[in-house]
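Take a look at the structure below.
The values are calculated or read from the model by the stated rules, or taken from the named source; none is laboratory data. These numbers were taken from a predicted model, which means no experiment stands behind them. Cβ sites come from the backbone with ideal geometry, for glycine too, and all protein chains shown count toward neighbours.
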Ligand code: HEC
Ligand code: HEC
Ligand code: HEC
Ligand code: HEC
Ligand code: HEC
Ligand code: HEC
Ligand code: HEC
Ligand code: HEC
Ligand code: HEC
C-alpha cells in the first residue's frame, strides 16, 4: 500500500470530520464529465499553485460545493484564511493533512532549474530560501514567479540584480566566487569495470573560465559527452589538456582519474 493510500485509510479509521468521506478509486475519478486532474490556481503575487484531483481521491461532495465551487479560479482566499480553515485549510491543518503553515514548497514550487545559453542549468532551491525569507522578499519584484522569465548575466548579478541582490559576499556568499555552489559540483562517470572517475569540477573552475570547456569541448550536461580513452589520447575530451604537458597525461597514471 502506498503512503498516500495508507494515510487516507488511516484518516477513515480515525474518523474524518467531513461527513461521507470515502476514498474512491482513480478509475472512479476518470471519465467524470468536466473533471480535469491537474488544475492551476492563479495567485496575484506568487504564481500558480497546482491542485491534483487524483491525489485527492475522495468523493466529490467532500469538497464540492461546500469547500470549492466547481469552477477553476472561482474560490480565491489568502493563506491567512486557509489557516483559519477555509479552502485547502479545511484539511491541511496539521491533523487531516500537512499544514498550510509549513511545507510551503509541497504546494507552491520546489527546486528550480534556470537555463543558461552557454553553461547549462543553474539550480535554485526554494526550500533553502523559504526558511530564511518570505515569498514577498523575492516575488514579484525581484523575480516574476515563472521559471526562466528573469534572465540576468553574471555581470548584472555583480551589479546587484537577480541573485546578486543578496549574494554580494555580505548578506550571502558572493557571485564572484563559489561558482560551483550554484552551478554544478563534481561529476561522477560511473564505470564499474575500469573504475569510476570523479571529475573535480570545482578544482578546474579554480583554474579555468567556464568558456574554456563549455559549450564546445563539453556540452554542460552530465553524460552528454561520451569519449573513449583513445579519443582522449587524440586530444579530445579530458585529453584536450591532459596531454602530459598542460596537465598530467591520460596515458600515464590511470589512478589519477580512475578509482581502483
Ligand atoms: C479534495 C477536494 C476535491 C475533491 C474531493 C474533488 N475536487 Fe473538484 N476541485 C477541487 C478544487 C480545489 C478545484 C479548483 C477550484 C478553483 O480553482 O477555484 C476543483 C475544480 C473542479 C472542477 C472545475 C474544473 C474547471 O476546469 O473549471 C470540476 C468540474 C471538478 N472539480 C469536478 C470534481 C469531481 C467530478 C470530483 C469527484 C470525482 C471532484 N471534483 C472532487 C477540489 C476537489
Ligand atoms: C496545502 C497547500 C498549500 C500550502 C502548504 C501552502 N500554500 Fe500558499 N497557497 C496555496 C493556494 C492554493 C493558494 C492560492 C489561494 C487562492 O488563490 O485561492 C496559495 C496562495 C498563497 C499566497 C498568495 C495569497 C496570499 O495569502 O497572499 C502566498 C503569499 C502563499 N500562498 C504563501 C505560502 C507560504 C509562505 C506557505 C508556507 C508557510 C504556504 N503558502 C503554504 C496552497 C498552499
Ligand atoms: C478534503 C480534504 C482536503 C482538501 C480540501 C485538500 N486536501 Fe490536499 N491532501 C489531503 C490529504 C488527506 C492528503 C494526503 C495526506 C498528506 O500528505 O498529509 C493531501 C495531500 C496533498 C498534497 C501532497 C500530495 C503528495 O504529493 O503527496 C498536496 C500538494 C495537496 N494535498 C495540495 C492541496 C491543495 C493545493 C489544496 C487546495 C486547493 C488541497 N490540497 C485541499 C486532503 C485535502
Ligand atoms: C530568495 C528568493 C525567493 C523566495 C524567497 C521565493 N522565491 Fe519563488 N522563485 C525564485 C526564483 C529565483 C524563481 C525562478 C525564476 C526564474 O526561473 O526565472 C522562482 C520561481 C517561483 C515560481 C515559478 C515556478 C515554475 O516552475 O515556474 C513559483 C510558483 C514561486 N517561485 C513561488 C514562490 C512562493 C509561493 C514563495 C514563498 C513560499 C517563493 N516563491 C519564495 C525566488 C524566490
Ligand atoms: C548565487 C548563485 C550563483 C553563483 C555563486 C554564480 N552564479 Fe553564475 N549564474 C547563476 C544563475 C542563476 C545564472 C542564470 C541567470 C539567468 O539566466 O537569469 C547564472 C549564469 C551564469 C552564466 C551565463 C550568463 C553569463 O553571464 O554569461 C555564466 C557564464 C556563469 N553564470 C558563470 C559563473 C561563474 C564563473 C561564477 C563564479 C565566479 C558564477 N557563475 C557564480 C547563479 C550563480
Ligand atoms: C533575498 C535574498 C536572496 C536571494 C535573492 C537569493 N539568495 Fe541564495 N541565499 C541567501 C542566503 C541568506 C543564503 C544562506 C547564507 C549563505 O549561505 O551565505 C543563501 C544560500 C544559497 C545557496 C546555498 C544553499 C545551501 O544548500 O546551503 C545557494 C545554492 C543559493 N543561495 C542560490 C541562489 C540563487 C541561484 C539565487 C538566484 C536565482 C539566489 N540564491 C537568490 C539569500 C538569497
Ligand atoms: C575543465 C573543464 C570545465 C570547466 C572549466 C567547467 N566545466 Fe562544467 N563540466 C565539465 C565536464 C567534463 C562536465 C561533465 C560533462 C559530462 O558528464 O558529459 C561538466 C558539466 C557541467 C554541468 C552539467 C552538470 C549536470 O549535472 O548535468 C554544468 C551545469 C556545468 N558543467 C557548468 C559549468 C560552469 C557554470 C562552469 C564555470 C563556472 C564550468 N562548468 C566550468 C567541464 C568543465
Ligand atoms: C584525465 C583523467 C583520466 C585518466 C588519466 C585516465 N582516464 Fe580512463 N576515462 C576517463 C574518463 C572521464 C572516462 C569516461 C569517459 C566517458 O564516459 O565519456 C574514462 C573511460 C575509460 C575507459 C572506458 C572507455 C574506453 O576507452 O574503453 C577505459 C577502458 C579507461 N578509461 C581506461 C583507462 C586507463 C587504462 C588509463 C591509464 C592508461 C586511463 N583510463 C586514464 C578519464 C581518465
Ligand atoms: C581545460 C583543460 C582541462 C580539461 C579539459 C580537463 N582538465 Fe583536469 N586538470 C587540468 C589541469 C591544468 C590540472 C592541474 C594540473 C595537473 O594536475 O597536472 C587538472 C587536474 C585534474 C585532476 C587532479 C585534481 C586534483 O585535485 O588534484 C583530475 C582528477 C582531473 N584533472 C581530471 C579530469 C578529467 C576526468 C577531465 C575530463 C572529464 C579533465 N580533468 C579535463 C586541466 C584540464
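Restricting attention to segment 72-94, report how many residues are away from ligand 1 (no atom under 15 Å from the Cβ) and farther than 25 Å from residue 146 by Cα.
Looking only at that region, the number is 3.
Just to be sure before I move on: is residue 170 within 16 Å of ligand 2 (Cβ to nearest atom) and either closer than 20 Å to residue 240 by Cβ or exposed (fewer than 11 other Cβ atoms within 10 Å of the Cβ) (or both) in the structure I sent?
No: the conditions fail for residue 170.
State which residue is surrounded by the fewest Cβ atoms within 10 Å (Cβ to Cβ) when the search covers only segment 176-200 and only residues that are more than 16 Å from ligand 4 (Cβ to nearest atom) and within 21 Å of residue 153 (Cα to Cα).
Ranking the qualifying residues of segment 176-200, first place goes to 185.
Residues of segment 83-132 being assigned to a helix (DSSP H, G or I), over 20 Å from the mean Cα position of the chain (by Cα) and over 22 Å from residue 38 (Cα atoms), which ones?
The answer is 83, and nothing else.
Scan segment 57-72 and give yes if some residue there is modelled with pLDDT under 95, more than 16 Å from ligand 9 (Cβ to nearest atom) and in contact with a helix residue (DSSP H, G or I) (Cβ under 7 Å, 6 or more places away or on another chain), otherwise no.
yes
Identify, please: which residue in segment 167-225 is under 19 Å from residue 254 (Cα atoms), part of a loop (DSSP other than H, G, I, E, B) and touching a residue at least 24 places away in the same chain (Cβ under 8 Å) and is, among those, nearest to ligand 3 (Cβ to nearest atom)?
196
Within segment 133-150, does at least one residue satisfy the condition of being away from ligand 2 (no atom under 16 Å from the Cβ) and in a helix (DSSP H, G or I)?
No - not one qualifying residue is present in segment 133-150.
Looking at 202, 176 in this structure, which one is in contact with a helix residue (DSSP H, G or I) (Cβ under 9 Å, 6 or more places away or on another chain) and in the same structural domain as residue 154 (by TED's automatic domain parsing)?
176
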